[in-house]
1. Only one of these conditions is not met by residue 168: (1) out of contact with any helix residue (DSSP H, G or I) (no Cβ under 6 Å at 6 or more places or on another chain); (2) crowded, with 17+ Cβ neighbours inside 10 Å. Which number is it?
2. Using the structure shown, decide if residue 121 is within 19 Å of residue 91 (Cα to Cα), in a helix (DSSP H, G or I), modelled with pLDDT under 95 and not assigned by TED's automatic domain parsing to the domain that holds residue 94.
3. Would you pick out the residues in segment 130-164 that are surrounded by 12 or more Cβ atoms within 10 Å (Cβ to Cβ), over 26 Å from residue 97 (Cα atoms) and under 27 Å from the mean Cα position of the chain (by Cα)?
4. For segment 131-147, name all the residues that are within 25 Å of residue 183 (Cα to Cα) and assigned to a helix (DSSP H, G or I).
5. Just to be sure, is residue 87 outside any helix (DSSP H, G or I), closer than 30 Å to residue 156 by Cα and modelled with pLDDT of 55 or more?
6. What residue, among those in segment 162-188 that are outside any helix (DSSP H, G or I) and more than 17 Å from residue 93 (Cβ to Cβ), is modelled with the lowest pLDDT?
7. Within segment 148-161, is even one residue in contact (Cβ under 8 Å) with a residue 60 or more places away in the chain, in a helix (DSSP H, G or I) and within 17 Å of residue 92 (Cβ to Cβ)?
């Protein structure tokens, strides 16, 4: 039995499409083929229900919190690689460790969370200082208020932010890529 949606679609393409519509259909077909090749067939497209079922099966099989943590970690890595393919493996590792705490954070260990806007301001000050763009008056004011503020800021930055800043200061990433990576890393 033929699929009625397919018949309607083919009828539209063959009998009613103008040049612009043909181009749109061709682009849609190319995109769909790419998606199918990425996910190795339509049965492997991301399906939240299927993922939840697989995850619950893994939880029941593992029956421990470490098994759950590893499952969530693997899923997070897949999502990060899809959404931010420009991040290095080290940055992806730092992000997953920050988002999915290990045993030390899970058992109530101290984990300082600097508010996002404050952290962005600190990053701007730190990079301006490191690149010699900070005024002497601003540096002096910060030192008067906080002492050795660059070291204090550096210690307050999450590890993934340190990696992103290091790449930026070494010239391995430009301003636009630096900002993009920060936005990805600072999702709270």
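The values are calculated or read from the model by the stated rules, or taken from the named source; none is laboratory data. Since the structure is predicted, the reported quantities are computational estimates derived from the model, not experimental observations. In this analysis, Cβ positions are derived from the backbone assuming ideal geometry, glycine residues included, and neighbour counts consider all displayed protein chains.
1. Residue 168 satisfies every listed condition except (1).
2. Spelling it out, it is not the case that residue 121 is within 19 Å of residue 91 (Cα to Cα), in a helix (DSSP H, G or I), modelled with pLDDT under 95 and not assigned by TED's automatic domain parsing to the domain that holds residue 94.
3. Listed by number, the list holds a single entry, 130.
4. Within segment 131-147, no residue meets the criteria.
5. yes
6. 188
7. Yes, segment 148-161 has at least one match.
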